[in-house]
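What follows is a short report on a single structure.
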Amino acid sequence: MKKSIVFLVGNDHSSYAIYNALKKDYNISKVILEEPKSRKEFIKRRIKKLGIIKVIGQGLFQKIIVPFLNKECKSRITEIIKNNNLEFTDFDKDILINVPSANSKECIDTLKSVNPDLVIVNGTRIISKKVLNSIDGTFINTHAGYTPLYRGIHGAYWSKVNKDGYCGVSVHLVDPGIDTGGILYQDLIETKETDNFVSYTYLQLAKGIELMKLAVEDIINESPKVITNGLESKFWTHPTLWFYLKHRWFNKVK
């Protein structure tokens, strides 16, 4: 009997790539797509947590620097996509279900009705205990960082800044924390001089898909293994405009 798989995802380019990489080989029953978060509420929460100056700096980085970085590494991104056969076509409509949130009643009801063996999570809000406990299936996620040292976002960039050699990606079990679940697979990525903040994520995506396939096979064969690496746990967020420029000019970290 084939194991049933559900995708629980946000509307992110990586969600499409992971889905397209796995759909030919596995029985994907449903794709549950959550609506985007309220931008206003997101910014309000971030200001409360980080302070308005830092949030302004992060916003300026996203508005001014990221578009430049996209242009700077456009050909490199194309190369990575081609070399790794990344595909970003839409989800199949006949199995797509839209929900307001990954933690909504609609999502829980869908999970219960399908009762999948495996839920692949990507790009959603933090999953609540109520959702995780709603079925007996395993929840796993691809994280663009070498956990637990690089929880949060932009793990490859922060590793470059810290020059510690942990520029990589992880596939882990999902728990109610932020990237704190048990690690199933991890690996490093190889970067080139032409890579930057933006292209790192495509390299992580390609490597993450490789690791995700290994994790799916383990779970299908009922032989998943949690690994540990002894690293301390740290959480990272977006760089500010001035932080990025400082490390680009003085430390050559793109």
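The values are calculated or read from the model by the stated rules, or taken from the named source; none is laboratory data. None of these values were measured; they are calculated from a predicted model. Neighbour counts are summed over all protein chains in view; Cβ atoms, including those assigned to glycine, are modelled from backbone coordinates with ideal geometry. To get the accessible areas, we keep the full protein, side chains included, count just its heavy atoms, and leave off ligands, DNA and RNA. Shrake-Rupley method; radii C 1.70, N 1.55, O 1.52, S 1.80 Å.
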*Percent of accessible area on the stretch 1-132 owned by carbon and sulfur, 1.4 Å probe?*
54 percent
*Please turn the phi angles of the stretch 168-181 into ³J(HN,Hα) values with the Karplus equation 6.51 cos²θ - 1.76 cosθ + 1.60 (θ = phi - 60°), one per residue in order, whole Hz, x for glycine and proline.*
x, 8, 9, 10, 9, 5, 9, 10, x, x, 9, 6, 10, x
*First select every other residue whose beta carbon is under 14 angstrom from the beta carbon of Asn229; then total the charges, Lys and Arg +1, Asp and Glu -1.*
-1
*Run through every distinct alpha carbon pair of the chain and return the Kirkwood hydrodynamic radius in angstroms, one decimal place.*
19.0 Å
*If you put +1 on each Lys and Arg Cβ and -1 on each Asp and Glu Cβ, how big is the dipole of the chain around its Cα centre, in Debye rounded to 20?*
1320 debye
*Rounded to the nearest 10 Å², what accessible area does Thr142 show when all protein chains are kept and the probe is 1.4 Å?*
20 Å²
*trypsin sites (Lys or Arg not before Pro) within the stretch 139-235: DSSP coil, no more than 13 neighbouring Cβ in 10 Å*: Lys163, Lys192, Lys225
*Subtracting the Cα-Cα distance from 0.36 nm times the residue separation, let me have the gained length for Leu245 to Asp164 in nm, one decimal.*
27.2 nm
*With the dipole of the stretch 119-254 worked out from charges on the C-beta (+1 for Lys and Arg, -1 for Asp and Glu) around the Cα centre, which of Pro239, Asn196, Ser170 lies farthest toward the positive end?*
Pro239
*How much solvent-accessible surface does Lys252 expose, in Å² to the nearest 10, with a 1.4 Å probe and all protein chains in place?*
150 Å²
_Please compare each pair in Lys3/Lys82; Lys93/Lys207; Lys71/Lys252 to a cut-off of 24 Å on the Cα-Cα distance and tell me which ones are over it._
Lys3/Lys82; Lys93/Lys207
*Convert 25 °C to kelvin, take the viscosity as 0.890 mPa s, use the Kirkwood radius over C-alpha pairs of the stretch 27-108 as Rh, and evaluate the Stokes-Einstein diffusion coefficient in µm²/s, rounded to a whole number.*
149 µm²/s
*asked:* Net charge around Ser128, counting only other residues with Cβ within less than 12 Å of its Cβ (Lys, Arg = +1; Asp, Glu = -1)?
replied: +3
*Column: log10 I(q)/I(0), Debye, Cα scatterers of the stretch 107-254, q = 0.18, 0.20 Å⁻¹*: -1.03, -1.21
_With a 10 Å cut-off between alpha carbons and a GNM built on the chain, which of Asp12, Asp90, Asp25 moves the most?_
Asp25
*Among the listed pairs Lys2/Lys23; Lys49/Lys246; Lys2/Lys24; Lys23/Lys74, which are separated by more than 18 Å between their Cα atoms?*
Lys49/Lys246; Lys23/Lys74
*Just add up the charged neighbours of Ile97: K/R +1, D/E -1, any other residue whose Cβ is under 15 Å from the Cβ of Ile97.*
-3
*Would you kindly state the longest site-free stretch of the chain, with sites defined as GluC sites (Glu not before Pro) in a DSSP loop (not H, G, I, E, B) surrounded by at most 11 other Cβ atoms within 10 Å?*
1-189
*When the accessible area of the stretch 154-254 is split by element with a 1.4 Å probe, what percent falls to carbon and sulfur?*
55 percent
*When ligands, DNA and RNA are left out and all protein chains stay put, how many square angstrom of accessible area per residue does the chain have with a 1.4 Å probe?*
52 Å²
